[in-house]
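Asks: Below is the structure I would like to discuss, written out as C-alpha coordinates.
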Amino acid sequence: MDALRSELDTVSLRGMRVLFGTTRGRGPLWIAPLHLGAFLSRMIGLRLMKRCDLVHVNVASSGSTARKLAVMLVARALGIPYAVHLHGALYEQFYASLSPSRQRLIKRVFRNAARVIVLGEIWRTFAVETLSVLPERVAVLPNAVPTPVRVRVPDPHGVTRLLFLGRLGERKGSRILIQALSRLNDKAGWRAVLAGDGEIEETRRAVARTGIEWRVEVPGWLDPDETATRIAASDVLVLPSFAENLPMSVIEGMAAGLAIVATPVGATPDIVKHGETGLLVPPGDVEALTVALAQLIDDSALRERLSEASVRLHREHLEIGAYARRLISLWRETATCH
(Lines give C-alpha, C1' and ligand atoms only; values in the text may rest on other atoms or scores of the structure.)
Protein backbone atom coordinates (compact mmCIF):
# COMPACT_ATOMS: atom_id res chain seq x y z
CA MET A 1 0.00 0.00 0.00
CA ASP A 2 2.84 2.40 0.78
CA ALA A 3 4.40 1.74 -2.64
CA LEU A 4 1.07 2.47 -4.36
CA ARG A 5 0.54 5.62 -2.34
CA SER A 6 4.02 6.85 -3.29
CA GLU A 7 3.46 6.00 -6.95
CA LEU A 8 0.12 7.83 -7.06
CA ASP A 9 1.97 10.94 -5.91
CA THR A 10 4.08 10.80 -9.10
CA VAL A 11 1.46 10.07 -11.78
CA SER A 12 -1.15 12.30 -13.34
CA LEU A 13 -4.56 11.72 -11.78
CA ARG A 14 -6.27 14.19 -14.17
CA GLY A 15 -8.79 15.62 -11.74
CA MET A 16 -9.05 12.49 -9.59
CA ARG A 17 -8.40 12.67 -5.85
CA VAL A 18 -7.50 9.48 -3.97
CA LEU A 19 -7.96 9.24 -0.21
CA PHE A 20 -6.72 6.31 1.89
CA GLY A 21 -8.42 4.97 4.99
CA THR A 22 -8.26 1.98 7.31
CA THR A 23 -10.94 -0.15 8.96
CA ARG A 24 -8.50 -2.08 11.18
CA GLY A 25 -5.64 0.19 12.12
CA ARG A 26 -2.64 -0.73 14.21
CA GLY A 27 -2.81 -1.84 17.80
CA PRO A 28 -5.02 -4.35 19.64
CA LEU A 29 -8.01 -5.91 17.93
CA TRP A 30 -10.54 -4.25 20.20
CA ILE A 31 -9.67 -0.89 18.62
CA ALA A 32 -10.73 -2.10 15.16
CA PRO A 33 -14.45 -1.18 15.60
CA LEU A 34 -13.37 2.38 16.36
CA HIS A 35 -11.37 2.55 13.13
CA LEU A 36 -14.28 1.05 11.22
CA GLY A 37 -16.70 3.56 12.71
CA ALA A 38 -14.39 6.44 11.85
CA PHE A 39 -14.04 5.17 8.28
CA LEU A 40 -17.80 4.85 7.81
CA SER A 41 -18.38 8.32 9.24
CA ARG A 42 -15.80 9.76 6.88
CA MET A 43 -17.32 7.96 3.89
CA ILE A 44 -20.82 9.20 4.75
CA GLY A 45 -19.55 12.76 5.21
CA LEU A 46 -17.75 12.74 1.88
CA ARG A 47 -20.84 11.39 0.15
CA LEU A 48 -23.04 14.08 1.65
CA MET A 49 -20.61 16.67 0.33
CA LYS A 50 -20.71 14.92 -3.09
CA ARG A 51 -16.99 14.20 -2.88
CA CYS A 52 -17.06 10.40 -3.00
CA ASP A 53 -17.65 8.74 -6.38
CA LEU A 54 -16.12 5.31 -5.77
CA VAL A 55 -14.94 3.20 -2.83
CA HIS A 56 -12.09 0.73 -3.36
CA VAL A 57 -12.36 -2.08 -0.79
CA ASN A 58 -9.45 -4.46 -0.14
CA VAL A 59 -10.88 -7.75 1.14
CA ALA A 60 -9.19 -10.74 2.73
CA SER A 61 -10.66 -13.51 4.87
CA SER A 62 -11.95 -13.59 8.46
CA GLY A 63 -12.03 -10.19 10.20
CA SER A 64 -11.26 -8.32 7.01
CA THR A 65 -14.41 -9.66 5.37
CA ALA A 66 -16.51 -8.85 8.44
CA ARG A 67 -15.37 -5.22 8.44
CA LYS A 68 -15.54 -4.77 4.68
CA LEU A 69 -19.07 -6.17 4.52
CA ALA A 70 -20.13 -3.18 6.61
CA VAL A 71 -18.29 -0.81 4.26
CA MET A 72 -19.84 -2.30 1.13
CA LEU A 73 -23.36 -2.44 2.55
CA VAL A 74 -23.19 1.20 3.70
CA ALA A 75 -21.69 2.27 0.36
CA ARG A 76 -24.55 0.62 -1.51
CA ALA A 77 -27.11 2.24 0.79
CA LEU A 78 -25.52 5.62 0.01
CA GLY A 79 -25.53 4.91 -3.72
CA ILE A 80 -21.72 4.85 -3.97
CA PRO A 81 -20.33 2.31 -6.45
CA TYR A 82 -17.60 0.17 -4.96
CA ALA A 83 -14.79 -2.00 -6.28
CA VAL A 84 -13.82 -5.14 -4.36
CA HIS A 85 -10.13 -6.08 -4.49
CA LEU A 86 -9.79 -9.71 -3.43
CA HIS A 87 -6.68 -10.70 -1.46
CA GLY A 88 -5.87 -13.56 0.87
CA ALA A 89 -4.34 -16.94 0.09
CA LEU A 90 -7.09 -18.94 1.82
CA TYR A 91 -10.19 -17.04 0.75
CA GLU A 92 -11.71 -19.99 -1.08
CA GLN A 93 -11.34 -22.20 2.02
CA PHE A 94 -12.61 -19.39 4.23
CA TYR A 95 -15.71 -18.96 2.08
CA ALA A 96 -16.39 -22.72 2.05
CA SER A 97 -16.27 -22.80 5.86
CA LEU A 98 -19.04 -20.23 6.29
CA SER A 99 -22.70 -20.88 6.95
CA PRO A 100 -25.07 -20.76 3.95
CA SER A 101 -26.52 -17.44 5.12
CA ARG A 102 -23.08 -15.89 5.41
CA GLN A 103 -22.13 -17.20 1.99
CA ARG A 104 -25.27 -15.65 0.49
CA LEU A 105 -24.38 -12.28 2.01
CA ILE A 106 -20.84 -12.39 0.61
CA LYS A 107 -22.11 -13.43 -2.82
CA ARG A 108 -24.57 -10.55 -2.75
CA VAL A 109 -21.97 -7.87 -1.98
CA PHE A 110 -19.61 -9.26 -4.61
CA ARG A 111 -22.39 -9.42 -7.24
CA ASN A 112 -23.41 -5.85 -6.39
CA ALA A 113 -19.87 -4.56 -6.79
CA ALA A 114 -19.31 -2.28 -9.75
CA ARG A 115 -15.95 -3.98 -10.23
CA VAL A 116 -14.22 -7.03 -8.74
CA ILE A 117 -10.43 -6.96 -8.99
CA VAL A 118 -8.50 -10.21 -8.58
CA LEU A 119 -4.80 -11.07 -8.69
CA GLY A 120 -4.88 -13.90 -11.22
CA GLU A 121 -6.91 -16.17 -13.48
CA ILE A 122 -7.68 -18.76 -10.80
CA TRP A 123 -9.30 -16.01 -8.74
CA ARG A 124 -11.28 -14.77 -11.74
CA THR A 125 -12.72 -18.28 -11.99
CA PHE A 126 -13.53 -18.26 -8.27
CA ALA A 127 -15.29 -14.90 -8.52
CA VAL A 128 -17.38 -15.94 -11.53
CA GLU A 129 -18.16 -19.56 -10.71
CA THR A 130 -18.39 -19.49 -6.91
CA LEU A 131 -19.43 -15.92 -6.14
CA SER A 132 -21.60 -15.51 -9.27
CA VAL A 133 -19.97 -12.25 -10.36
CA LEU A 134 -20.68 -11.26 -13.96
CA PRO A 135 -17.54 -12.06 -16.02
CA GLU A 136 -17.42 -8.57 -17.54
CA ARG A 137 -17.15 -7.02 -14.09
CA VAL A 138 -14.03 -8.98 -13.13
CA ALA A 139 -10.59 -7.48 -13.83
CA VAL A 140 -7.29 -9.28 -13.33
CA LEU A 141 -4.63 -7.00 -11.86
CA PRO A 142 -1.55 -8.82 -10.53
CA ASN A 143 0.40 -7.44 -7.61
CA ALA A 144 3.35 -5.21 -8.45
CA VAL A 145 6.47 -3.78 -6.83
CA PRO A 146 8.85 -0.95 -7.76
CA THR A 147 12.08 -1.59 -9.59
CA PRO A 148 14.68 -2.16 -6.85
CA VAL A 149 17.09 0.63 -6.01
CA ARG A 150 19.79 -1.75 -4.80
CA VAL A 151 21.74 -3.61 -7.48
CA ARG A 152 22.23 -7.32 -6.86
CA VAL A 153 25.91 -8.13 -6.28
CA PRO A 154 27.25 -11.66 -6.99
CA ASP A 155 28.95 -13.54 -4.19
CA PRO A 156 32.73 -13.02 -4.53
CA HIS A 157 33.35 -16.72 -3.81
CA GLY A 158 30.77 -18.04 -6.26
CA VAL A 159 28.42 -19.29 -3.53
CA THR A 160 24.76 -19.64 -4.56
CA ARG A 161 22.63 -17.77 -2.03
CA LEU A 162 19.11 -19.06 -1.40
CA LEU A 163 16.45 -16.83 0.17
CA PHE A 164 13.05 -17.63 1.70
CA LEU A 165 10.83 -14.63 2.54
CA GLY A 166 7.51 -15.19 4.23
CA ARG A 167 5.75 -16.31 7.37
CA LEU A 168 7.68 -19.26 8.78
CA GLY A 169 5.43 -22.27 9.24
CA GLU A 170 3.41 -24.85 7.40
CA ARG A 171 1.48 -22.79 4.81
CA LYS A 172 4.50 -21.08 3.26
CA GLY A 173 6.42 -24.35 3.20
CA SER A 174 9.41 -23.45 5.38
CA ARG A 175 9.24 -26.84 7.13
CA ILE A 176 9.43 -28.63 3.78
CA LEU A 177 12.26 -26.34 2.73
CA ILE A 178 14.36 -27.30 5.76
CA GLN A 179 13.96 -30.97 4.83
CA ALA A 180 15.12 -30.23 1.29
CA LEU A 181 18.09 -28.18 2.48
CA SER A 182 19.16 -30.95 4.84
CA ARG A 183 19.40 -33.29 1.84
CA LEU A 184 21.79 -30.80 0.23
CA ASN A 185 24.10 -30.57 3.23
CA ASP A 186 26.83 -32.57 1.51
CA LYS A 187 26.72 -30.31 -1.56
CA ALA A 188 29.24 -27.48 -1.63
CA GLY A 189 28.70 -23.93 -2.82
CA TRP A 190 25.47 -22.74 -1.23
CA ARG A 191 24.01 -21.06 1.82
CA ALA A 192 20.49 -20.00 2.73
CA VAL A 193 18.50 -17.41 4.65
CA LEU A 194 14.99 -18.17 5.94
CA ALA A 195 13.50 -14.83 6.94
CA GLY A 196 10.06 -13.94 8.26
CA ASP A 197 7.79 -13.87 11.26
CA GLY A 198 5.80 -16.81 12.59
CA GLU A 199 7.62 -19.93 13.82
CA ILE A 200 11.02 -18.29 14.27
CA GLU A 201 12.33 -20.27 17.22
CA GLU A 202 10.81 -23.51 15.96
CA THR A 203 12.54 -22.95 12.62
CA ARG A 204 15.89 -22.30 14.28
CA ARG A 205 15.56 -25.51 16.29
CA ALA A 206 14.62 -27.50 13.17
CA VAL A 207 17.65 -26.11 11.34
CA ALA A 208 19.90 -27.09 14.25
CA ARG A 209 18.41 -30.59 14.48
CA THR A 210 19.18 -31.27 10.82
CA GLY A 211 22.78 -30.06 11.18
CA ILE A 212 22.60 -27.24 8.62
CA GLU A 213 22.84 -24.29 11.03
CA TRP A 214 26.37 -23.58 9.81
CA ARG A 215 25.03 -22.56 6.39
CA VAL A 216 21.37 -21.61 7.06
CA GLU A 217 20.53 -18.34 8.83
CA VAL A 218 17.13 -17.60 10.42
CA PRO A 219 17.16 -13.85 11.18
CA GLY A 220 13.44 -13.54 11.96
CA TRP A 221 11.23 -10.71 10.72
CA LEU A 222 12.86 -8.13 8.44
CA ASP A 223 11.78 -4.54 7.90
CA PRO A 224 11.52 -3.27 4.29
CA ASP A 225 15.08 -1.94 4.20
CA GLU A 226 16.51 -5.18 5.58
CA THR A 227 14.40 -7.16 3.13
CA ALA A 228 15.78 -5.16 0.20
CA THR A 229 19.31 -5.74 1.45
CA ARG A 230 18.78 -9.50 1.71
CA ILE A 231 17.23 -9.69 -1.75
CA ALA A 232 20.18 -7.82 -3.26
CA ALA A 233 22.52 -10.33 -1.62
CA SER A 234 20.71 -13.43 -2.97
CA ASP A 235 20.58 -15.48 -6.17
CA VAL A 236 17.51 -17.70 -5.71
CA LEU A 237 14.12 -16.96 -4.14
CA VAL A 238 12.41 -20.12 -2.91
CA LEU A 239 8.78 -20.21 -1.74
CA PRO A 240 7.38 -23.78 -1.53
CA SER A 241 3.92 -22.70 -0.35
CA PHE A 242 0.83 -24.85 0.04
CA ALA A 243 -1.53 -21.89 -0.56
CA GLU A 244 -1.13 -18.39 -2.01
CA ASN A 245 -3.07 -15.66 -3.72
CA LEU A 246 -0.17 -14.04 -5.59
CA PRO A 247 2.91 -13.84 -3.36
CA MET A 248 4.67 -10.50 -3.09
CA SER A 249 8.00 -12.13 -2.24
CA VAL A 250 8.08 -13.90 -5.61
CA ILE A 251 7.42 -10.61 -7.41
CA GLU A 252 10.10 -8.87 -5.33
CA GLY A 253 12.53 -11.65 -6.23
CA MET A 254 11.70 -11.32 -9.92
CA ALA A 255 12.16 -7.56 -9.80
CA ALA A 256 15.69 -8.05 -8.46
CA GLY A 257 16.57 -10.80 -10.93
CA LEU A 258 16.52 -13.78 -8.59
CA ALA A 259 15.85 -17.21 -10.02
CA ILE A 260 12.51 -18.40 -8.62
CA VAL A 261 11.56 -21.78 -7.15
CA ALA A 262 7.88 -21.90 -6.22
CA THR A 263 4.79 -24.10 -6.20
CA PRO A 264 1.85 -23.88 -8.64
CA VAL A 265 -0.66 -22.59 -6.08
CA GLY A 266 -3.00 -19.62 -6.34
CA ALA A 267 -2.06 -17.27 -9.17
CA THR A 268 1.66 -18.10 -8.97
CA PRO A 269 1.58 -20.07 -12.28
CA ASP A 270 0.38 -16.89 -14.02
CA ILE A 271 3.84 -15.39 -13.55
CA VAL A 272 6.14 -18.35 -12.84
CA LYS A 273 6.26 -20.47 -16.00
CA HIS A 274 8.24 -23.64 -15.39
CA GLY A 275 11.59 -23.51 -17.15
CA GLU A 276 10.92 -19.99 -18.46
CA THR A 277 10.58 -17.55 -15.57
CA GLY A 278 11.28 -19.99 -12.75
CA LEU A 279 10.97 -23.57 -11.59
CA LEU A 280 7.73 -25.02 -10.21
CA VAL A 281 7.58 -28.02 -7.87
CA PRO A 282 4.50 -29.77 -6.43
CA PRO A 283 3.49 -28.57 -2.95
CA GLY A 284 4.91 -30.80 -0.24
CA ASP A 285 7.23 -32.70 -2.59
CA VAL A 286 10.57 -32.64 -0.75
CA GLU A 287 12.37 -34.62 -3.44
CA ALA A 288 11.25 -32.33 -6.27
CA LEU A 289 12.20 -29.27 -4.24
CA THR A 290 15.63 -30.75 -3.48
CA VAL A 291 16.23 -31.50 -7.16
CA ALA A 292 15.17 -27.99 -8.25
CA LEU A 293 17.45 -26.31 -5.70
CA ALA A 294 20.38 -28.57 -6.60
CA GLN A 295 19.83 -27.75 -10.26
CA LEU A 296 20.06 -24.02 -9.60
CA ILE A 297 23.05 -24.39 -7.29
CA ASP A 298 24.95 -26.33 -9.95
CA ASP A 299 23.85 -24.54 -13.12
CA SER A 300 24.82 -20.86 -13.21
CA ALA A 301 23.69 -20.55 -16.84
CA LEU A 302 20.18 -21.68 -15.87
CA ARG A 303 20.12 -19.22 -12.97
CA GLU A 304 21.13 -16.41 -15.31
CA ARG A 305 18.54 -17.33 -17.93
CA LEU A 306 15.74 -17.47 -15.37
CA SER A 307 17.01 -14.24 -13.82
CA GLU A 308 16.87 -12.36 -17.12
CA ALA A 309 13.39 -13.68 -17.89
CA SER A 310 12.14 -12.69 -14.42
CA VAL A 311 13.44 -9.15 -14.74
CA ARG A 312 11.90 -8.80 -18.18
CA LEU A 313 8.52 -10.03 -16.92
CA HIS A 314 8.63 -7.62 -14.00
CA ARG A 315 9.52 -4.58 -16.06
CA GLU A 316 6.80 -5.35 -18.63
CA HIS A 317 3.93 -6.51 -16.39
CA LEU A 318 4.65 -6.29 -12.66
CA GLU A 319 6.18 -2.83 -12.19
CA ILE A 320 4.36 -0.52 -9.80
CA GLY A 321 4.12 2.36 -12.29
CA ALA A 322 2.15 0.33 -14.83
CA TYR A 323 0.07 -1.11 -11.98
CA ALA A 324 -0.88 2.36 -10.74
CA ARG A 325 -1.87 3.52 -14.22
CA ARG A 326 -4.01 0.43 -14.77
CA LEU A 327 -5.68 0.86 -11.39
CA ILE A 328 -6.43 4.51 -12.09
CA SER A 329 -7.96 3.48 -15.40
CA LEU A 330 -10.16 0.91 -13.66
CA TRP A 331 -11.24 3.47 -11.06
CA ARG A 332 -12.14 5.99 -13.75
CA GLU A 333 -14.05 3.46 -15.86
CA THR A 334 -15.93 2.13 -12.86
CA ALA A 335 -16.86 5.52 -11.43
CA THR A 336 -18.06 6.97 -14.74
CA CYS A 337 -20.16 3.93 -15.66
CA HIS A 338 -22.33 4.16 -12.54
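Asks: State all residues of segment 159-217 that are basic (Lys, Arg) and under 13 Å from Ser234 (Cα atoms); if no residue qualifies, say none. Spell out how you get there, then give the answer.
Replies: Filtering segment 159-217 for residues basic (Lys, Arg) gives 161, 167, 171-172, 175, 183, 187, 191, 204-205, 209, 215.
If the condition is that a residue be basic (Lys, Arg) and under 13 Å from Ser234 (Cα atoms), then Arg161, Arg191 are the ones that fit.
Asks: Could you check, for segment 146-162, whether at least one of its residues is within 20 Å of the chain's Cα centre (by Cα), surrounded by 14 or more Cβ atoms within 10 Å (Cβ to Cβ) and charged (D, E, K, R)?
Replies: Scanning segment 146-162 turns up no residue that is within 20 Å of the chain's Cα centre (by Cα), surrounded by 14 or more Cβ atoms within 10 Å (Cβ to Cβ) and charged (D, E, K, R).
Asks: Still on this structure, please answer the following. Going residue by residue through segment 205-217, is there one that turns out to be under 19 Å from Leu296 (Cα atoms), assigned by TED's automatic domain parsing to the domain that holds Asp235 and under 20 Å from the mean Cα position of the chain (by Cα)?
Replies: No, because not a single residue in segment 205-217 is under 19 Å from Leu296 (Cα atoms), assigned by TED's automatic domain parsing to the domain that holds Asp235 and under 20 Å from the mean Cα position of the chain (by Cα).
Asks: If I ask for residues that are of a type in the set (Ser, Thr, Tyr) and within 18 Å of Leu69 (Cβ to Cβ), which ones from segment 113-138 would you list?
Replies: Taking segment 113-138 and keeping what is of a type in the set (Ser, Thr, Tyr), we get 125, 130, 132.
Selection gives Thr130, Ser132.
Asks: Further, regarding this structure: Suppose we filter segment 218-261 for residues that are surrounded by fewer than 16 Cβ atoms within 10 Å (Cβ to Cβ) and of a type in the set (Asp, Glu); how many remain?
Replies: Of the residues in that region, 3 qualify.
The values are calculated or read from the model by the stated rules, or taken from the named source; none is laboratory data. Please read all numbers here as calculations on a predicted model, not as lab measurements. In this analysis, Cβ positions are derived from the backbone assuming ideal geometry, glycine residues included, and neighbour counts consider all displayed protein chains.
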